[in-house]
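The values are calculated or read from the model by the stated rules, or taken from the named source; none is laboratory data. Just so it is clear, the model here is predicted, and its values are computed rather than measured. Using ideal geometry, Cβ is built from the backbone for each residue, glycine included, and neighbour counts are taken over all protein chains shown.
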Amino acid sequence: MTTSPTEALDTERLLDYIQSRLGGVSGPLRLEQFTVGQSNPTFRVTASNGWRCVLRKKPAGFLLPSAHAVEREFRVITALHAVGFPVACPILLCEDAAVIGTPFYLMEFVEGRGLWDQALPGMPPSERHAIWDELNNVIARLHALDFRALGLTDYGKTGNYLERQIGRWSRQYRSTDSDRIDAMDRLIEWLPHNIPPGDETTVVHGDFRLDNVIFHPTEARVLAVLDWELSTLGDPMADFAYLATSWHMPTSIFPSIAGLDHLALGIPAERQFVEAYCRRRNRPVIEPAVWNYYIAFNLFRIAAIAHGVGRRAQDGNASNPAAAEVGRKAGPIARVALSLVEQMARGSVTT
């Protein structure tokens, strides 16, 4: 953690606001910024009387359309917490930008393990397997929830999710004046014309991965799923396939499990992981060619997000000091996606 000069906040004004809404909080406040992550600036807030929480806000400066909607994050974690899904308890939403410069919300600080390296070094194979199986279990639980019963009927559109997502990330990619990427342009041309049939709608997280959850300190149990910025209503298989890009993303681009000896490590093989999810959802196992489409789509989406992160670095309003490096990975990620597309075109898909 650190306190970033670009995100220094008026702690006295924040304290006044919290006291007026909650009471029982003594100043001064100490703010420490989490430097992991590329999205909404996030801080641990500690009061002099020991009270603490997490503050998550929109970044300052230029924002891409529809990005950084902390109000939506607060809404979805409120709905999910009410039915016992593992999220941090929501505390307070402030939509008044005058308080600290942008809208923000407060949620509980969850004590536990944040795991970054997907190979889970230092763990025995049985624990690695349990960690990955718990990720599979939690995302299947999310997709089993009835968004209507959660009061989230208007949280997003139903139907045509892949078409809308491809359009969204294509526009976002094209909205920046950064260098064009040939693989991205080719994916933008191919993906919308080859969308597979089927269009189930559930709540989707949009960024569900190992380092966006907090695990119990000693158990392979998720205590809280974090970072709901990209959540909406959508295709659950697309959401699950995002998690499974870990089997495809080269370790030279991002920390992943691609190319590792999964059996020796205790990490499930990709097909086993897919079958476990389908079993939990009581649905047929997805065909390999369709599955690879979902993987290619997600890699395209990740590349578009990385491209946007690079744009924020150029504009000087990125929340992570490594943002420029993330932006440079957009091209290599897009090329991995394009290689899957080319395999599909040749009819040589194996998963």
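Answer yes or no: is there a residue in the range 135-142 that is touching a helix residue (DSSP H, G or I) at 6+ places or on another chain (Cβ under 8 Å), surrounded by 14 or more Cβ atoms within 10 Å (Cβ to Cβ) and in a loop (DSSP other than H, G, I, E, B).
Looking for residues that are touching a helix residue (DSSP H, G or I) at 6+ places or on another chain (Cβ under 8 Å), surrounded by 14 or more Cβ atoms within 10 Å (Cβ to Cβ) and in a loop (DSSP other than H, G, I, E, B), one finds none in the range 135-142, hence no.
Look through the range 242-257, keep the residues that are touching a Phe, Trp or Tyr at 6+ places or on another chain (Cβ under 7 Å) and closer than 12 Å to residue 209 by Cα, and return whichever of them is modelled with the lowest pLDDT.
This residue is 255.
What are the residues in the range 209-228 that are over 20 Å from residue 239 (Cα atoms) and of a type in the set (Gly, Ala, Ser), if any?
220 - this is the single residue of the range 209-228 that is over 20 Å from residue 239 (Cα atoms) and of a type in the set (Gly, Ala, Ser).
Taking the condition of being among the hydrophobic types (A, V, I, L, M, F, W, C) and modelled with pLDDT under 95, how many residues in the range 165-183 meet it?
Going through the range 165-183 one residue at a time, the tally reaches 2.
List every residue pair whose Cβ atoms sit under 6 Å apart, with the two residues 6 or more apart in sequence or on different chains, where the first one lies in the range 142-170 and is outside the structural domain of residue 189 (by TED's automatic domain parsing) and closer than 17 Å to residue 240 by Cα and the second, anywhere, is of a type outside the set (Lys, Arg) and assigned to a helix (DSSP H, G or I).
Nothing qualifies.
Across the range 207-220, what is the number of residues that are of a type in the set (S, T, N, Q) and part of a loop (DSSP other than H, G, I, E, B)?
1
What number of residues in the range 267-277 are assigned to a helix (DSSP H, G or I) and buried (at least 18 other Cβ atoms within 10 Å of the Cβ)?
Within the range 267-277, residues that are assigned to a helix (DSSP H, G or I) and buried (at least 18 other Cβ atoms within 10 Å of the Cβ) number 4.
Going by the conditions given, is residue 264 in a helix (DSSP H, G or I), modelled with pLDDT of 95 or more and surrounded by fewer than 23 Cβ atoms within 10 Å (Cβ to Cβ)?
Here the answer is yes, as residue 264 does meet what is asked.
Got a sec? Which of 336, 309, 285, 341 is among the aliphatic types (A, V, I, L, M), more than 20 Å from residue 197 (Cα to Cα) and modelled with pLDDT of 90 or more?
Residue meeting the stated conditions: 336.
Applying the selection to the range 192-249, what residues are among the charged types (D, E, K, R) and closer than 23 Å to residue 72 by Cβ?
199, 200, 207, 209, 211, 227, 229, 235, 239 - these are the residues of the range 192-249 that are among the charged types (D, E, K, R) and closer than 23 Å to residue 72 by Cβ.
Do we have any residue at all in the range 245-254 that's surrounded by 18 or more Cβ atoms within 10 Å (Cβ to Cβ), part of a helix (DSSP H, G or I) and not small (Gly, Ala, Ser)?
Yes, some residue in the range 245-254 is surrounded by 18 or more Cβ atoms within 10 Å (Cβ to Cβ), part of a helix (DSSP H, G or I) and not small (Gly, Ala, Ser).
Out of 150, 162, 223, 187, report the one residue that is part of a strand (DSSP E or B) and modelled with pLDDT of 95 or more.
223
Considering only residues that are more than 22 Å from residue 130 (Cα to Cα) and out of contact with any helix residue (DSSP H, G or I) (no Cβ under 7 Å at 6 or more places or on another chain), which ones fall in the range 221-249?
230, 232, 233
Pull up the range 207-229, narrow it to residues that are in contact with a Lys or Arg (Cβ under 9 Å, 6 or more places away or on another chain) and more than 18 Å from residue 84 (Cα to Cα), then point me to the one that is surrounded by the most Cβ atoms within 10 Å (Cβ to Cβ).
229
Yes/no matrix, rows are residues, columns are (1) in contact with a strand residue (DSSP E or B) (Cβ under 8 Å, 6 or more places away or on another chain); (2) surrounded by 15 or more Cβ atoms within 10 Å (Cβ to Cβ):
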| position | (1), (2) |
| --- | --- |
| 50 | no, no |
| 86 | yes, yes |
| 91 | yes, yes |
| 117 | no, no |
| 124 | no, no |
| 128 | no, yes |
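So, in the range 165-184, exactly how many residues are part of a helix (DSSP H, G or I) and not small (Gly, Ala, Ser)?
10
Just give me the residues in the range 157-189 being surrounded by 19 or more Cβ atoms within 10 Å (Cβ to Cβ) and of a type in the set (Ser, Thr, Tyr), in sequence order.
161, 170, 173 - these are the residues of the range 157-189 that are surrounded by 19 or more Cβ atoms within 10 Å (Cβ to Cβ) and of a type in the set (Ser, Thr, Tyr).
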